[in-house]
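As structure tokens, the structure follows; a few thoughts come after it.
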Amino acid sequence: MIPVILPLNAAADWLNTAFSGFDMKIFEFFAGLHQEALTKFVQIFTELGDSHFVIPMLLLGLVLCVWKKTRRYGLTLFLAIIVGTLLTNCVFKVVIARPRPYVSLADNNLFMTWYAEAGSPVESDKSFPSGHTCAAFEMAIGMMLVFRHKSLKWIFPVVAVLVGASRIYLMVHYPTDVIGGCIVGIIAGIIGYILAKLIIEKSVTSNNRLARAMQKDSLFAKAS
């Protein structure tokens, strides 16, 4: 039996075909919001999912691991970013290889008009899932799970939603890219939180065992 080998961009073609109507409806909605002042604001806001912001957050996570009181925040943040980055950039973007909408829809005059109104920003990598959205959600969900102040923890996912919306507004991602980034980011945030919790609990258990062993040795030494 001859194996069936799908082309590398089969998933991308399926996404473009299956969700064409949905994506265009959402694009049309955001295009109706285009205003020069709002566009400038969105261009600044979208940077919260960019590597220029995420990398310092990764380093901040490492720094927070130094102190016991902030270790759970730092380790969760660090691991969530690592997991999300690997899933997005090393798995899904490579496997699905979906071109950006301004590439696939270059012959769609209506979309290209909307894209020009958004400032015609250009991104260098593939489109699915949205890396900015994933980064925003992986950090947001991780911090929401570990944050103790219930009245403030919901700020994180709200900011993440706005980052995802900014990617559609700027026409650099299909709405389905953003939904995909949201899902991957949520998964990465949960995994980061669980791994951090397991590592910290394991560390505490090991330290307690070491302390008990040292105490027994001390008691034995005194008795002898």
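The values are calculated or read from the model by the stated rules, or taken from the named source; none is laboratory data. On a predicted model such as this, the values are computed, not experimentally measured, just so you know. Neighbour counts run over all protein chains shown; Cβ positions are idealised from the backbone, glycine included.
crowded, with 24+ Cβ neighbours inside 10 Å and under 14 Å from the mean Cα position of the chain (by Cα): is that true of Met171 in this structure? Give the derivation first.
Working: crowded, with 24+ Cβ neighbours inside 10 Å: yes; under 14 Å from the mean Cα position of the chain (by Cα): no.
Spelling it out, it is not the case that Met171 is crowded, with 24+ Cβ neighbours inside 10 Å and under 14 Å from the mean Cα position of the chain (by Cα).
Of Phe128, Phe111, which residue is in contact with a helix residue (DSSP H, G or I) (Cβ under 8 Å, 6 or more places away or on another chain) and crowded, with 24+ Cβ neighbours inside 10 Å?
Just one listed residue meets the conditions, Phe128.
Is at least one residue of region 44-56 over 22 Å from Val178 (Cα atoms) and modelled with pLDDT of 90 or more? Walk me through it before giving the result.
Applying the first criterion (over 22 Å from Val178 (Cα atoms)) to region 44-56 yields 56.
Still in the running and modelled with pLDDT of 90 or more: 56.
Yes, there is a match, as at least one residue in region 44-56 is over 22 Å from Val178 (Cα atoms) and modelled with pLDDT of 90 or more.
Residues that are out of contact with any Pro (no Cβ under 6 Å at 6 or more places or on another chain), more than 21 Å from Ala196 (Cα to Cα) and of a type in the set (A, V, I, L, M): does region 136-151 have at least one?
No - not one qualifying residue is present in region 136-151.
Inside region 1-88, counting only helices (runs of 4 or more DSSP H) that do not spill past its ends, which hold 3 or more residues that are surrounded by 12 or more Cβ atoms within 10 Å (Cβ to Cβ) and hydroxyl-bearing (Ser, Thr, Tyr)?
On the way: elements: 10-18, 20-31, 36-45, 51-64, 71-85.
Passing ranges, in order: 71-85.
Please find, among Lys25, Lys68, the residue that is among the basic types (Lys, Arg) and modelled with pLDDT of 95 or more. Steps first, answer last, please.
Values: Lys68 fails: modelled with pLDDT of 95 or more.
Of Lys25, Lys68, the one residue that is among the basic types (Lys, Arg) and modelled with pLDDT of 95 or more is Lys25.
Is it true that Val95 is under 30 Å from Lys153 (Cβ atoms), in contact (Cβ under 8 Å) with a residue 60 or more places away in the chain and of a type outside the set (Ser, Thr, Tyr)? Spell out the reasoning first.
On the way: under 30 Å from Lys153 (Cβ atoms): no; in contact (Cβ under 8 Å) with a residue 60 or more places away in the chain: yes; of a type outside the set (Ser, Thr, Tyr): yes.
In short, no.
So in region 174-185, with the set limited to residues that are under 14 Å from the mean Cα position of the chain (by Cα) and of a type outside the set (Asp, Glu), which one is farthest from Phe22 (Cα to Cα)?
Let us first name the residues in region 174-185 that are under 14 Å from the mean Cα position of the chain (by Cα), namely 177-185.
Checking which are of a type outside the set (Asp, Glu) leaves us with 178-185.
On the way: Val178: 13, Ile179: 12, Gly180: 14, Gly181: 17, Cys182: 17, Ile183: 18, Val184: 20, Gly185: 22 Å.
Looking at residues that are under 14 Å from the mean Cα position of the chain (by Cα) and of a type outside the set (Asp, Glu), I get Gly185.
Does Ala196 satisfy the criteria of being assigned to a helix (DSSP H, G or I), more than 13 Å from the chain's Cα centre (by Cα) and within 24 Å of Phe22 (Cβ to Cβ)? Quick ask: steps written out before the conclusion?
Working: assigned to a helix (DSSP H, G or I): yes; more than 13 Å from the chain's Cα centre (by Cα): yes; within 24 Å of Phe22 (Cβ to Cβ): no.
No; evaluated as a whole, the condition is false for this residue.
Among the residues in region 90-110, are any of a type outside the set (Val, Ile, Thr), in contact with a Cys (Cβ under 9 Å, 6 or more places away or on another chain) and under 30 Å from Leu38 (Cα atoms)?
There is no residue in region 90-110 that is of a type outside the set (Val, Ile, Thr), in contact with a Cys (Cβ under 9 Å, 6 or more places away or on another chain) and under 30 Å from Leu38 (Cα atoms).
Just to be sure I understand the filter: pairs with C-beta atoms under 6 Å, separated by 6 or more residues or on different chains, first member in region 176-196 and more than 16 Å from Ile26 (Cβ to Cβ) and touching a residue at least 60 places away in the same chain (Cβ under 8 Å), second member not aromatic (Phe, Trp, Tyr) and not in a helix (DSSP H, G or I). Which pairs pass?
Val184/Pro129
Being within 13 Å of the chain's Cα centre (by Cα) and hydroxyl-bearing (Ser, Thr, Tyr) is the filter here, so list the residues in region 36-61 that pass it.
Thr46, Ser51, listed by residue number.
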